[in-house]
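Undergrad: Have a look at the structure that comes next, please.
Laboratory data are not the source of any read-out in this text; all were calculated from the coordinates shown. Values in this document were obtained by computation on a predicted structure and should not be read as measured data. Cβ sites come from the backbone with ideal geometry, for glycine too, and all protein chains shown count toward neighbours.
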Amino acid sequence: MITFHNVFKRYEASGDALRNVSFHIEGSQFVFLIGHSGAGKSTLLKLVSAIEKPTRGQVIVNSHNLNKLGNRRIPEFRRGLGIIFQDHKLLHDRTVFDNVALPLIVAGTPHQEIQKRVRAALDKVSLAHKEKVYPITLSGGEQQRVGIARAVVNRPALLLADEPTGNLDPDLSDEIMDLFAEFNHHGMAVLIATHDLRHIHRLEKPVLELEKGEMVWDDDEDEDSY
Amino acid sequence: MAASVWLHNHATNLARAARSMAASPLGSLMTISVIAITLALPAGLYGALENAQKQVAGWEGKPQISLYLTTDGAAQDANPLLQQIRALPGVAEVTYISPEQGLKDFQAVSGFREALNVLDENPLPAVIKVRPGVTAENPQASRQLFEQLQTLPGVETAQMDLAWVQRLHSLLELGKRIAWVLSGLLGMAILLVIGNTIRLAILNRRDEIEIIKLIGGSDAFIRRPFLYTGLLQGLLGGILAWLLLIVAIALLAGPAQKLAELYGSGPLLGYPSIVTGVALALIGAVLGWLGSRLAVARHLRDIKPR
C-alpha cells in the first residue's frame, strides 16, 4: 500500500526533515507512526498524500508512483485516500451532511448515491441525527467524527490521520481509535501518526518510529516489512 | 461523470454563486454597477454616433448643387437650360432663382439694402439649384452629376454643398473609432474589476479551497463557483448597462428632439433595442467569465494545502 525507498525531504528553511527513510506497508494493515514532535511524522504523511514531493528517493502509494504523478492527476490520486486532520478542517458554512458529502460531490457521484453513502458514513460515527446542524455547534470529539465520516465516505483504500486524537480526552480518543480499528477490519489500510503511546499498547498494532527524521527499527521486527 | 451529475453540479454552482452574491448585496451591487457604467459609456457613445451617422447619411445623399450662370446670359431665357438639366438622370428637383429674385433674397437677409440700392445694375447671376434624386444619393454618383452639370454651357461655376457633410462624416467615423478604442480600454477595466472581486473571494475562501484540494477536488471543480460568480456579475452588469442607457436617453430625449427639429433631421437619439440589451448582457457575461478565469488561474496556484 505504501512504499518508501531511500526517501529524503529537505526544506530550504529548516534543513532535512526526513533522511533516508525506507519502509513498506503491505495490503490493508493498521500501522502507527510515532515519534516526538519534529521527528518528521507530519512530513512523512505529507509525502504519502502528495502534498509535498520528496527531495530524493521514491514514494509509492496505492499503486501510484508519486515521483511521476503529474499535478493534474493528484486530485484523482487523493480520491483514493481518506485524510483526517488534528484540526478537523471542516467547512463551517456548510452543514454536517454537506461536509461529509464533499468528497463524493468532488468525485461526481450521483445524487441518490450521495444521500445513501453520507447517511451510512454518519451512522458509522454515530452522528446520523446531526446531519442538518453546522459543525460549529458540535463538540471537539463530534467534529473529529464528522472529519472521519468525510474521510471514509469515499471508501478509500488508505486512511491517513495526523494526531487525530491530539485535542481529545482519553475516553473520546479511545473511541476514535476503535473506529479506525473497525474501518481497518473492513479492509481499509490505516496509517496514524500519534505521540500517544497508550493507543499502541492498547491496540497492539505494528509501529513505525521516526527520530530526528530517521527511521528507528525495533529489533524483533523484519527490516523491510510490517 | 454522468451528464446528469455534471449538469446538477453546474446548476448547484450557479445557485451557490447567486446565493453568495445575495449574501453580500452591497458589494455585489457595487461590482455590478461598475461593470454597468463601464459598459454603458462606450455603448452609449457608439450608439449615439451611429445614429448621428445615419442622419448625416441622409443629408449626404441630398447634397445641393448650385449652378451660377454666366452674367451675360442673365437676360436670356434660362428655360432651355432648365429643361436640359431636368432631363439628366439622377436629378430630383431643379429650382431657378433669377438675378432679381436673388437680389431680393440677398437684401432681405444681409441688411445691405441701402448699399445694394446704390448699385446701377444687379451684380448677381442667375442661380439654378439642383437636388440629386435617389439614384444619385451616394457620394460618387452625386459627384458625377456635379461634374456633368459643371460643363453645361451657360454655367459659370458650380458648387456642391457636400464638403462639410463629408467632414462631419469623417468626424463621426473618428468618433466611432474612439468609441471602439474606449471599449477596448474599458473592457480591460472590467476584467480588472472582476479579477479583483474574484481575487478577494478566493482569499476569503482559502481554507475551503485547501480542503477541497485535499479531498481530491480538481482545479476545474474549484474554479467553477468563481467562474459562475464572474459570469453572473458580468451578465447582470450588462443588463444594468442597458437599463442605464434607456434612462440616460430618456433624460436627453427632450433637448435632442428640439435639436433634431432645428436641423430638420430625424431623431438624434434612439433607445437601445432588446438586441443591444442581449448583446450587452453577453459581452458582460463573457468579460466576467474571462476576468474571473484569469484571476482564478493566477491565484489558485498560490493556494497549496499545508
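Undergrad: Mind giving me the FRET efficiency for B:VAL118 and B:SER98? R0 is 25 Å, r the Cβ-Cβ distance, nearest 0.05 is fine.
TA: 0.75
Undergrad: Compute the FRET efficiency between A:LEU69 and B:VAL275 as 1/(1 + (r/R0)^6), taking r as their Cβ-Cβ distance and R0 = 51 Å, and round to the nearest 0.05.
TA: Plugging the Cβ-Cβ distance into 1/(1 + (r/R0)^6) gives 0.50.
Undergrad: Putting +1 on Lys and Arg Cβ atoms and -1 on Asp and Glu Cβ atoms, find which of A:LEU91, B:ALA78, A:LEU47 reaches farthest to the positive end of the dipole of the protein assembly as shown.
TA: B:ALA78
Undergrad: On C-alpha positions alone, give me the angle between the axis of helix B:219-263 and the longest principal axis of chain B, in degrees, nearest 10.
TA: So the helix axis and the longest Cα principal axis differ by about 20 degrees.
Undergrad: Here's another thing I want to ask about it. Want the number for B:LYS54 to B:GLU261: 0.36 nm per residue separation, take away the alpha-carbon distance, what's left?
TA: Computed gain between B:LYS54 and B:GLU261 is 72.9 nm.
Undergrad: Another question, if that's okay. Per residue of the protein assembly as shown, what 222 nm ellipticity follows from adding -39500 (n - 2.57) for every DSSP H run with n ≥ 4, rounded to the nearest 500?
TA: Theoretical 222 nm ellipticity from helices: -18500 deg cm²/dmol.
Undergrad: Counting other Cβ atoms within 10 Å, keep those with at most 16, restrict to DSSP loop, and tell me which trypsin sites (Lys or Arg not before Pro) in the stretch B:182-287 are left.
TA: none
Undergrad: Would you work out the relative contact order for chain B, in percent, from Cα pairs under 8 angstrom that are 6 or more residues apart?
TA: Relative contact order comes out at 29 percent.
Undergrad: Going by how many other Cβ atoms sit within 10 Å of their own, how do A:LYS9, A:LYS132 line up, fewest first?
TA: A:LYS132, A:LYS9
Undergrad: Would you mind computing the Rg to Rh ratio of the stretch B:64-161 from its alpha-carbon coordinates, Kirkwood style for Rh?
TA: Reported Rg/Rh, Kirkwood definition of Rh: 1.02.
Undergrad: Still on this structure: Regarding chain B, what is the average projected area of its C-alpha convex hull, in nm²?
TA: Mean shadow area of the hull around the Cα atoms is 24.0 nm².
Undergrad: Compute the length gained on full extension between B:ASP207 and B:GLU156: take 0.36 nm times their separation in residues and subtract their Cα-Cα distance, giving the result in nm to one decimal.
TA: Full-extension gain reported as 9.7 nm.
Undergrad: What is the order of B:TRP289, B:TRP6, B:TRP242, fewest Cβ neighbours within 10 Å to most?
TA: B:TRP6, B:TRP289, B:TRP242
Undergrad: Hey, what do the phi angles of the stretch B:36-43 turn into as Karplus ³J(HN,Hα) couplings, whole Hz, using 6.51/-1.76/1.60 and θ = phi - 60°, x for Gly and Pro?
TA: 4, 5, 5, 7, 5, 4, x, 5
Undergrad: Using a/c under 1.5 as the rounded threshold, could you call the protein assembly as shown rounded, prolate or oblate? The axes a ≥ b ≥ c are square roots of the C-alpha gyration tensor eigenvalues, and prolate needs a/b larger than b/c, oblate otherwise.
TA: It comes out prolate by the Cα gyration axes.
Undergrad: May I ask you to list the lysines whose Cα is less than 22 Å away from that of B:LYS129, ignoring any residue fewer than eight positions away on the same chain?
TA: B:LYS62, B:LYS104
Undergrad: Now, a different point. Quick check: net charge around B:ARG298, other residues with Cβ under 12 Å of its Cβ, Lys/Arg +1 and Asp/Glu -1?
TA: Here the charged neighbours net out to +3.
Undergrad: Additional query: Mind ordering A:98-109, A:144-155, B:150-161 by average Cβ neighbours within 10 Å, highest first?
TA: A:144-155, A:98-109, B:150-161
Undergrad: Then there's this: Only helices at least 24 Å long along their own axis, judged from Cα atoms, and with Kyte-Doolittle mean hydropathy of 0.5 or greater: name those in chain A from DSSP H.
TA: Helices meeting the criterion: none.
Undergrad: Now for a separate question. Among the listed pairs A:LYS9/A:LYS68; A:LYS130/A:LYS205; A:LYS132/B:LYS304, which have their C-alpha atoms separated by more than 27 angstrom in this model?
TA: Beyond 27 Å between Cα atoms: A:LYS130/A:LYS205; A:LYS132/B:LYS304.
Undergrad: Can you give me the angle between helix B:3-23 and the longest principal axis of chain B, using Cα atoms only, in degrees from 0 to 90, rounded to the nearest 10?
TA: Taking the Cα atoms of chain B, the angle to B:3-23 is about 80 degrees.
Undergrad: Among A:LEU33, B:ASN9, B:LEU88, whose Cα projects farthest towards the positive end of the dipole of the protein assembly as shown, with charges put on the beta-carbon of Lys, Arg (+1) and Asp, Glu (-1)?
TA: The one lying farthest along the dipole's positive direction is B:LEU88.
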